[in-house]
Amino acid sequence: MSSQQPPADEPVYDDRVYRSSSAVVTGVLLLALTAWLCGDAVVRGSGNTPWVALALALCVVPLIVAFTIRPAVFANDDRMRVRNPFRIVELPWAAVDAVRAGYSAEVLAEGSKYQLWSVPVSLRERKKASRGRLSRRGGLTGRGMSSAGAEQPAAPAGPQRAGADKVVDELRELAERGASRAGAQGSVRVQWSYEIIAPAAAGALLLIVLLATG
């Protein structure tokens with residue numbers, strides 16, 4: 001069965017953005033701690049200690065940003081853009097084979113697997129959601145009767161899906177709905193994030209040199 005192609009000028013709406021708020025908060029706190037410790041070493045340190053502190057900051061700060069603040073998933077009607085710690089992956093919906101969440105959230109496209117760093121999977125949250133669904137099934141009649149005949153309130157509905165599973169459901173729906181769009185055609189593109197890699201590598205190299213010669 002052939003699918004009808006939508007017109008090329010069909011509107012594309014703003015990106016939906018998925019990121020972990022807890023990771024962002026953790027990143028900000030780690031950056032503040034790094035600034036405090038390294039700043040104190042630069043101001044109060046003697047010998048090559050200030051240089052070691054600066055090299056350490058140059059290495060650590062990009063890594064903190066890469067693994068906490070940077071990861072995000074941007075999705076619209078045509079494509080998904082995955083911003084992971086060290087690379088950006090752009091996936092037109094027509095190239096996406098599957099979006100799934102097991103022990104991690106990931107997208108399969110053109111024979112490759114790409115992890116969604118900004119969509120962490122919590123097994124604890126998933127178990128809690130599962131218990132909530134079971135509780136709701138137990139209270140489907142609305143109200144129950146105790147052994148003494150007293151009317152009991154219905155069991156709380158509880159969360160229906162864990163957060164990561166909800167995000168994967170939304171992305172899967174976007175992929176299925178947008179795969180036939182004219183703007184959703186094309187191949188996967190991967191771009192390395194040298195703005196993160198370069199300073200981290202330079203800081204690590206400088207730190208090694210300073211420690212070796214100090």
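Our estimate of slack between Arg87 and Ser193, defined as 0.36 nm per intervening residue step minus the Cα-Cα distance, is 37.7 nm.
What does the charge add up to near Pro62, with Lys and Arg as +1, Asp and Glu as -1, over the other residues with Cβ less than 13 Å from its Cβ? Overall, the nearby charge balance is 0. Taking 0.36 nm per residue of separation and subtracting the current Cα-Cα distance, fully stretching the chain between Thr49 and Lys128 would add 23.6 nm. Compute the separation of the alpha-carbon centres of region 170-189 and region 29-64 and state it in Å as a whole number. For region 170-189 versus region 29-64, the Cα centre distance is 44 Å.
When peptides 23-31, 94-102 are sorted by average Cβ neighbour count within 10 Å, with the highest value leading, the order is 94-102, 23-31. Ordering Phe67, Phe74, Phe86 by accessible surface, largest first, gives Phe67, Phe86, Phe74; the 1.4 Å probe counts only protein heavy atoms, with every chain in place.
Once fully extended, how much extra length lies between Val17 and Ile208, figured as 0.36 nm per residue of separation less the alpha-carbon to alpha-carbon distance?
Net length gain for the segment: 64.9 nm.
The listed residues Glu195, Glu106, Glu170, once ranked by accessible area (1.4 Å probe) with the largest placed first, stand as Glu195, Glu170, Glu106. Per-residue surface analysis assigns Lys128 an accessible area of about 120 Å², computed on protein heavy atoms at 1.4 Å probe radius.
Residues Arg177, Arg16, sorted by accessible area with the largest first, give Arg177, Arg16 [1.4 Å probe; ligands and nucleic acids excluded].
The values are calculated or read from the model by the stated rules, or taken from the named source; none is laboratory data. Keep in mind that what you see is a predicted model, and the values were worked out from it rather than measured. Every residue, glycine as well, gets a Cβ built from its backbone with ideal geometry; the counts of neighbours run over all protein chains shown. Ligands, DNA and RNA are excluded from the accessible area calculation, which covers all protein heavy atoms including side chains. Shrake-Rupley method; radii C 1.70, N 1.55, O 1.52, S 1.80 Å.
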